[in-house]
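To keep things clear, I will list the structure first and then write my remarks on it.
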Ligand SMILES: [Fe+2]
């Protein structure tokens, strides 16, 4: 157990270092998205969070760099602001790296001390506090990726592990009829090794019959929506979504670039003609996804419908993953940083659900029509981080499920929930359409 925690901390840091290593050093001061801190903040935030949770929080250790503990403590939730400009004079990078390395040594040394502490009933403490630290860093690795996507190509180095892009092998779309019935959301705290507060408690609910697209919406389909005036027809958009679209002048997905009457696609390290990636899933804001579904005469799946299609079987069973109960592996979908890019939709057929729905996990989080909120009986149980979920129960965030290519396999679990505002266009979020049967 102790060695496993140390190994996983190491593996997590190797990945973080690889991601920061994609940047030229001076690029750390860039602020690729106006609503987020400059990249340098995250270099300090990852160790500061772990220090504050584990060493200072659980073990009560005295701070060795208190001004860093607070400077790097919290990110920004871009609620209600259109842009944020940092006025913080950031410390020298070598001082932040020194702080990071000291925190890492302290964390490794803390594993036994934390394990020896009596479990006083606080669910996130003792061994679980390391899961808080590790999963926090894993989630930031993904959000760092979408910040990096907005950086000029000239400021990024290609990773050695960059695999060739895949353009072939997409699955055909089809309409899959899913029978209604019970579905279990969330998890039982006693049965799950670790989960965040919003994953508990278990909630059994029912869904009616519905029909769902076999594959997520791909670029070629989305191009039809654009060419049919999808961004010019207010009747397809919710009023506040339309106002937002008009205000920021949004008339295409963020990764598309108009180019001599055609389209180019911006991936992390290359620009590719859109027609080469016509089978890759389109990543959009929630507002755009809903407008597309309305254009097609459908809607987004609810959180419960997504679970029904992904994790139940036609004969009444339940699975841990869409493909069954085997742990997530490369053949099941595009997650875990293996491709550094999307892949053609539905091409990992081993990941299909029992109903025959493709790619519910991997290749992009999937937008749902469900507003993020607590399951009945929710408790903000992470004493040191009470606002992790509760700060976002505001009716303005939508649930996203599944995983993207930048989501580590450790976060691929049935009860994991992600959420974003409707008007945030940066995250790797795909969608598919549903219709009532
Ligand atoms: Fe954070």
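Just so you know, all these numbers are worked out from the coordinates, no wet-lab data involved. Keep in mind the model is a prediction, meaning the values are calculated, not measured. Neighbour counts run over all protein chains shown; Cβ positions are idealised from the backbone, glycine included.
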Angle, helix 2-20 long axis vs. longest principal axis of the chain, Cα atoms, 0 to 90°, nearest 10?
-> 60 degrees
What shape does segment 332-437 take by its C-alpha gyration tensor, where a ≥ b ≥ c are the square roots of the eigenvalues and a/c under 1.5 counts as rounded, a/b above b/c as prolate, and the rest as oblate?
-> prolate
With only helices counted (DSSP H, runs n ≥ 4, each -39500 (n - 2.57)), the per-residue ellipticity at 222 nm for the chain, to the nearest 500, works out to -9000 deg cm²/dmol
Using 0.36 nm per residue, how much length does the chain from residue 235 to residue 117 gain when fully extended, once their Cα-Cα distance is taken away?
-> 36.6 nm
To the nearest 0.05, how large is the calculated FRET efficiency for residue 276 and residue 437 if R₀ is 35 Å and r is the Cβ-Cβ distance?
-> 0.45
Please state the equivalent ellipsoid semi-axes for the chain: what are the square roots of 5 times the Cα gyration tensor eigenvalues, largest first, in whole Å?
-> 34, 27, 20
Within segment 241-255, find all residues whose amide N lies under 20 Å from a label point positioned 7 Å from the Cα of residue 396 along Cα-to-beta-carbon.
-> 241-250
Rounded to the nearest 0.05, what FRET efficiency is calculated for residue 108 and residue 379 with R0 set to 30 Å and r the Cβ-Cβ distance?
-> 0.45
Where a ≥ b ≥ c are the square roots of the eigenvalues of the C-alpha gyration tensor, would you call segment 236-341 rounded, which needs a/c under 1.5, or, failing that, prolate if a/b is larger than b/c, or oblate?
-> oblate
Report the paramagnetic label zone for residue 175: residues of segment 318-362 whose backbone N is under 13 Å from a point 7 Å from Cα along the Cα-to-Cβ axis.
-> none
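Taking 0.36 nm per intervening residue step and subtracting the Cα-Cα distance, what contour gain separates residue 247 from residue 326 on full extension?
Between residue 247 and residue 326, full extension yields 23.8 nm more.
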For the peptides 316-322, 360-366, what is the packing order when you average, over each peptide's residues, the other Cβ atoms within 10 Å and list the highest mean first?
-> 360-366, 316-322
Just 149, 22, 39 to compare: in a GNM of the chain, with alpha carbon springs under 10 Å, which one fluctuates most?
-> 22
Which distance in Å, rounded to a whole number, links the C-alpha centroids of segment 407-424 and segment 222-281?
-> 23 Å
Starting with the highest mean, order 105-114, 278-287 by the number of other Cβ atoms within 10 Å, averaged over the residues of each peptide.
-> 278-287, 105-114
With Cα atoms, 0 to 90° folded angle of helix 39-50 axis to the chain main axis | 60 degrees
Set the Förster radius R0 to 25 Å, insert the Cβ-Cβ distance between residue 350 and residue 315 as r into 1/(1 + (r/R0)^6), and round the FRET efficiency to 0.05.
-> 0.80
Beta carbons within 10 angstrom, averaged per residue: use that to sort the peptides 206-216, 156-166, 420-430, highest first.
-> 420-430, 206-216, 156-166
Which of rounded, prolate, oblate describes segment 1-74, given a ≥ b ≥ c as roots of the alpha-carbon gyration tensor eigenvalues and a/c under 1.5 marking rounded, otherwise prolate only if a/b is larger than b/c?
-> oblate
Which whole-number percent is the relative contact order of the chain (Cα, under 8 Å, 6+ apart)?
-> 18 percent
